[in-house]
Structure formats: C-alpha cells, structure tokens
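Colleague: After the structure tokens below, expect a handful of questions from me.
Read-outs: derived from the displayed coordinates by stated rules, not from any lab. Everything quoted here is computed from the prediction, not taken from an experiment. Here the Cβ is made from the backbone with ideal geometry for all residues, glycine too, and neighbour counts use every protein chain on show.
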C-alpha cells in the first residue's frame with residue numbers, strides 16, 4: 001500500500017497536513033530526517049505511516065511512558081500490532097515481548113530511553129528486521145534543550161547495532177542550536193531538516209501583570225466561551241483553584257500525577273467530552289491529549305522555559321479557531337522564579353548526599369545493585385532524610401547524567417502474572433495441593449494465555465470470585481511465586497529507579513562538576529528568557545518566534561502588545577479628528593462650550609472636552625469665559 005492509502009485506511013484522513021508528506025517521502029527514500037512540527041502538528045503520523053509502508057518493525061524511542069501507552073492503545077484499536085517496553089517491567093516479561101518483535105507480527109516497538117542502556121535489549125534488537133528508528137521529543141537529547149534526559153544520549157548506540165537504518169527525529173520545540181545538537185548526537189548522515197513555522201496565527205498571546213490573579217481568571221473564564229486549561233505549579237493549587245472556580249459557578253475539575261489512575265482517566269474523559277469545562281492541572285496534564293477545541297490556556301505561574309510555555313500554550317486552538325494563551329505574572333512571580341531556580345540547584349556535596357541516602361533507603365550494600373529496579377516514592381524519601389524535593393529531583397538528574405541511576409516518571413502498571421511451569425505440572429500440583437486448586441482454576445478460567453505470556457489481573461476481582469479477602473489472594477499468589485509455579489508482579493503507580501552500575505562508596509564517587517556549571521548557565525538563560533518575554537513591550541508572537549530562531553516575523557496584531565498599540569493609534573487618530581472639527585467650527589463663529597461640544601461629531605463627550613482643554617493649553621484657541629474662539 002502507498003502512504004496515502006495507509007493514511008486513508010487507518011486514520012480516515014483524505015490528505016496529509018503541510019510538511020507531513022515531505023517528511024514521509026524523505027523517510028521512505030531512506031534519508032535521515034529531523035522534523036520540527038508544533039504541538040498538534042501530527043508528528044506521530046510522520047513515522048507511523050512510512051513504517052507501515054515498509055517491511056519490518058519500527059523502533060520508537062519516547063521519554064513519556066503515558067504517551068507511549070496512549071499511542072500503543074491507539075495503534076491496537078486500528079488493528080496495528082504495537083508494544084511498549086519501559087521501566088517497571090520484569091526481565092522475563094521484557095524477554096517475551098522482545099521475542100514477539102523478532103518472531104511475531106509486531107510493527108511498532110516503543111522503548112523508553114532507559115531501556116537502551118540494557119545489553120539484553122540491544123542484542124535482541126540486532127536480530128530484528130528494523131525499518132525505521134523514530135526518536136520522539138528529540139530535544140531531550142540536547143543538554144541545551146529545556147527537558148534534557150541523559151539516557152537519550154544512549155540512542156546513538158542503536159546506530160552501532162543498526163548502522164543502515166534510517167533515523168527520524170521529531171520535536172515540537174528546538175532552537176537552532178538545539179537542532180544542530182540533535183543532528184550531531186544522533187550521528188545523522190546529511191539529514192533533511194523540516195521546520196514548520198512556530199507562528200500560530202489563530203492564537204492570541206496575552207500577558208497580564210495582575211496582583212489579583214484569581215479575579216482576572218474569573219473574568220477570562222466568563223468572557224471567553226468554550227473549554228479551557230489552567231496550569232498551576234503544584235498539586236495543592238490544582239484542587240484550590242478548581243474549588244474556587246466552582247464556588248463562582250464555573251464548572252471545573254483538577255488533575256495531577258498523584259491521583260489514582262482510574263480517577264485521572266475519568267477526569268480526562270469528562271474534560272475531553274466537555275462534561276467538565278475547565279481543567280486545573282500541573283504540567284502532567286495535556287501530553288498527547290488530542291482535544292482540538294480548547295479556547296484558552298491560562299498559566300497562573302511563570303513557566304520554567306519558553307519551550308515549555310510554547311508547548312503548553314499551544315494546546316489551545318488546534319482547530320485553527322481564535323484562541324487565547326494567557327500568562328498571569330506579577331513582580332513577585334518573577335522573584336519566585338529566580339529564587340526557585342537558585343533553590344533547586346544542588347551543590348556537588350548535596351548530590352553526593354542524595355546518592356548516599358538512596359543506597360541506605362534501598363538497603364543496598366556497596367558493590368551491589370547493578371541492573372536492579374526499585375519502585376521509588378520520592379516524597380517518602382525526602383521526608384525520611386529531611387531534604388528538599390526540588391533539590392532532590394535536580395540531584396537525581398545529575399546522577400542520571402553521570403550514569404549512576406535512571407529514573408522514569410510516575411506510571412501505572414497493572415498487576416500481572418505468568419505460569420513458569422507447563423500445563424501438566426500445574427495440573428499435578430492442583431491434585432496434590434487442594435488449598436491452591438481454587439485460585440489456580442479461577443486464574444485459568446478468567447485469564448487466558450497465562451502460559452504463553454504475562455496477563456493482566458485484578459486481585460479484587462479474583463478475591464470476589466473466590467469468596468476470600470484481597471489480602472489472602474495476594475498471600476496465595478506470593479506463595480505460588482515463592483514455590484516457582486508462576487511469576488507475579490504487583491501493580492504500582494510510582495516512578496521506577498534503576499541502578500545502572502553497582503553502588504559505590506563516597507571515596508570513589510565522581511561527579512562531572514564542569515557539566516554542573518554548564519547546566520546552571522543553561523537554566524539561568526532559560527529563566528531570563530521567560531522574564532524578558534513577560535516584561536518586554538514587543539509583539540509576543542515575534543518574541544517567541546525570535547527565541548526559536550525565526551527572525552523574519554511580522555506583528556501578529558492580536559497579542560496584548562499589538563492590541564495596545566492599535567488602541568493608542570486609534571486614540572491618536574480620534575484626537576486629530578476632534579481637533580480638526582473644533583478648529584473648523586470656530587473658524588465660522590465663536591461658540592459656547594455647550595454648543596461646541598454638541599456640534600462635534602467624533603468621540604465621546606469626555607474625549608471632546610479633553611481635546612478642547614488641550615487646544616486651550618497649547619494656545620490654539622481662547623475663551624472669554626462665555627464663548628470660545630480662534
């Protein structure tokens with residue numbers, strides 16, 4: 001099938017969007033390519049379509065597990081075979097999935113970058129018939145990018161295993177410097193670079209320096225019809241602002257990564273279906289959510305970078321209709337952004353301490369831990385050692401960069417199990433151990449395929465069917481695991497931390513201090529760019545486009561700065577017209593103030609009186625107390 005036939009068959013679109021066709025053609029011709037498409041520009045189609053045209057499997061590297069799972073579900077719903085491998089999965093589970101990629105009909109293998117660190121994965125990839133390597137969110141590979149992920153720098157190792165496979169890198173936001181860095185780090189050969197303009201003609205960027213942000217937020221919600229997104233800094237604020245909006249008769253809900261998975265999913269669906277009008281959220285919300293009719297996105301706090309702001313604000317108006325990106329920022333926000341930047345930056349000594357505390361937290365002996373993965377509750381960790389959460393998150397990123405650990409974001413992994421002995425052995429065990437007969441029978445009836453691979457299971461459902469408690473079900477499953485009948489992995493909703501190398505003692509702990517200083521400089525530049533955007537009186541769209549190295553940009557005409565300029569021009573023009581009328585009237589005859597004001601056609605009464613006063617002050621007209629004359 002051709003690319004356009006695949007698009008029509010699986011996606012139901014009749015034609016490609018601008019640039020998509022060019023990118024797909026480049027990939028099908030076997031050329032390494034870098035594509036910059038703004039949020040909502042249809043990036044995933046650029047690798048999914050050519051991968052379906054060609055024989056073999058496409059490897060997709062993505063940093064966001066939620067996004068990977070979302071895309072896998074979407075592909076499966078279209079009847080396309082796809083799987084994802086990420087932190088938190090057991091070795092046996094990964095083994096089976098990789099086998100399916102070599103011997104099965106899988107078309108897409110989604111991997112988190114951390115997984116590329118594993119020899120097991122790299123060796124197995126060398127046996128696959130790979131037709132394309134797609135690197136999503138490619139800006140993460142550059143330490144100059146706003147969301148640098150150290151494991152991304154391992155992607156070039158795929159090129160060693162698959163030297164002749166085409167690479168397609170995709171991102172929504174990258175400055176010229178970052179683009180060059182992506183090409184270099186991915187070792188691209190004569191790449192084709194496709195850049196869609198960052199200009200969003202239908203999006204009106206607005207900055208309000210309000211002291212009373214809540215009052216302004218209510219005004220926006222009441223004056224702009226349709227659904228909206230409100231971004232706040234922390235989880236506590238999401239519930240507070242949502243309650244405040246509801247008290248003011250505006251239907252709102254809140255969302256953050258700490259909520260249970262089912263609750264998050266329900267909130268997301270209600271907002272997508274317009275049952276909830278406004279979602280108040282941390283930046284955990286919005287990634288990969290395809291809702292075209294968002295009329296406004298409001299930021300109640302300053303973002304950490306213009307890249308992040310452009311992506312989040314860009315969730316408004318994907319249907320190309322007039323929409324608003326509003327940033328509510330006052331002087332205290334500028335100070336808090338600067339202090340947060342300073343406070344979140346750990347010293348070399350603080351990074352060493354975090355590494356030492358991690359070893360104690362997981363009770364790891366020196367020399368142990370290589371390849372081990374732990375569920376990691378960062379709040380509990382910081383509480384136990386009485387350390388700052390912000391500094392700890394930064395310290396963990398530096399430990400990732402220096403190759404000590406890798407850390408995934410929070411992700412829901414359901415419970416799953418798999419029998420590791422054959423049918424006959426299980427049957428014999430049931431006869432000999434009546435206590436386990438009920439639970440094994442129910443598993444086999446309820447969850448087909450448990451001998452061939454891992455199956456998802458619901459312990460509460462199992463407990464109900466067996467008429468025993470939830471706790472007893474878990475105890476039975478753990479017992480069956482301990483006697484090596486099956487492998488059982490309990491559900492988790494926490495980030496996963498993996499030790500890349502064994503725990504080392506403090507004497508041998510080495511830190512890249514030069515890199516630490518470089519990151520400090522990059523972060524400071526990003527913070528300064530955000531502050532400049534909010535305080536510079538220049539078309540907001542031009543400022544953003546200049547930041548992304550688009551230097552030939554025209555005024556948007558719809559941002560707050562452009563509208564203020566238009567108003568000032570109109571007022572000046574109005575003032576000139578009123579002045580001309582006053583002079584014309586008084587050339588004919590002297591007039592009383594009442595008659596003069598009544599006979600002027602332009603402007604309001606206030607504007608007319610103001611114009612008369614200005615002409616008097618300038619000595620262009622005079623009055624004897626009763627009448628005005630030239």
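Colleague: First measure r as the distance between the Cβ atoms of residue 599 and residue 219, then evaluate 1/(1 + (r/R0)^6) with R0 = 51 Å and state the FRET efficiency to the nearest 0.05.
Modeller: 0.85
Colleague: List 338, 312, 569 from most exposed to least, where exposure is judged by having the fewest other Cβ atoms within 10 Å.
Modeller: Result, fewest neighbours first: 569, 338, 312.
Colleague: I've got another one for you. (i) 30.6, 120; (ii) 25.6, 86; (iii) 36.0, 121: which one is Rg and Dmax of the Cα atoms in Å as calculated from this entry?
Modeller: Label (i) holds the value from this structure.
Colleague: On a 0 to 90 degree scale, rounded to 10, what angle separates helix 43-53 from the longest Cα axis of the chain?
Modeller: Between helix and principal axis, roughly 40 degrees.
Colleague: Set the Förster distance to 51 Å, then compute FRET efficiency between residue 335 and residue 475 from the Cβ-Cβ distance, nearest 0.05.
Modeller: 0.40
Colleague: Then there is this: Shape verdict for the range 560-629, please, from the Cα gyration tensor: rounded (a/c under 1.5), prolate (a/b greater than b/c) or oblate.
Modeller: In terms of gyration-tensor shape, prolate.
Colleague: How far, in nm, would the chain grow between residue 521 and residue 592 when pulled straight, counting 0.36 nm per residue and subtracting the alpha carbon separation?
Modeller: Taking residue 521 through residue 592 to full extension adds about 18.8 nm, to one decimal.
Colleague: Okay, next question. Over the range 416-489, what is the mean sequence separation of C-alpha contacts under 8 Å (at least six apart), divided by residue count, expressed as relative contact order in percent?
Modeller: 46
Colleague: Run the simple label-point estimate for residue 465 and residue 504 please: 7 Å along Cα→C-beta, distance reported in nm.
Modeller: Placing both labels 7 Å along Cα→Cβ, they lie 5.0 nm apart.
Colleague: In what sequence do 164, 505, 22 fall when counting other Cβ within 10 Å, fewest first?
Modeller: 164, 505, 22
Colleague: Using a basic spin-label model with each label point 7 Å from the Cα along Cα→Cβ, how many nm lie between residue 458 and residue 433?
Modeller: A separation of 2.7 nm, rounded to one decimal place.
Colleague: For Cα pairs less than 8 Å apart in space and 6+ apart in sequence, what is the mean separation divided by the residue count of the chain, i.e. the relative contact order in percent?
Modeller: Normalised by residue count, the contact order of the chain is 13 percent.
Colleague: Which distance in nm do the two modelled labels at residue 103 and residue 176 give, with both placed 7 Å along the Cα-to-Cβ direction?
Modeller: Once both label points are built, they end up 5.3 nm from each other.
Colleague: For 139, 423, what's the fewest-to-most ordering of other Cβ within 10 Å of each Cβ?
Modeller: In increasing order of surrounding Cβ atoms, one gets 423, 139.
Colleague: Here is a further query. If you count the DSSP beta bridges with both ends in the chain, what percent of them are antiparallel, to the nearest 5?
Modeller: 25
Colleague: Based on the alpha-carbon gyration tensor of the range 216-323 and its eigenvalue square roots a ≥ b ≥ c, which shape applies: rounded if a/c is under 1.5, prolate if not and a/b is larger than b/c, or oblate?
Modeller: rounded
Colleague: Grab the Cα-Cα distance for residue 2 and residue 81, subtract it from 0.36 nm times how many residues apart they are, and report the gain in nm with one decimal.
Modeller: 26.6 nm
Colleague: Enumerate the residues in the range 112-140 having an amide nitrogen under 11 Å from the point lying 7 Å beyond the Cα of residue 157 toward its Cβ.
Modeller: 114-123
Colleague: Moving to a separate point now. Starting from the Cα of residue 568, step 7 Å toward the Cβ, then list every residue of the range 186-218 with an amide N under 16 Å from that point.
Modeller: Counting backbone N atoms under 16 Å from the label point, the list is 207.
Colleague: Could you calculate the FRET efficiency of residue 202 with residue 263 from 1/(1 + (r/R0)^6), where r is the beta carbon distance between them and R0 is 35 Å, rounded to 0.05?
Modeller: Efficiency for this residue pair is about 0.60.
Colleague: Within the range 253-275, what residues put their amide N at less than 20 Å from the label point 7 Å along the Cα-to-Cβ vector of residue 380?
Modeller: 257-262
Colleague: For residue 190 and residue 618, calculate 0.36 nm times their separation in residues minus their Cα-Cα distance, and state this gained length in nm to one decimal.
Modeller: Using 0.36 nm per residue and subtracting the Cα-Cα distance, I get 147.3 nm.
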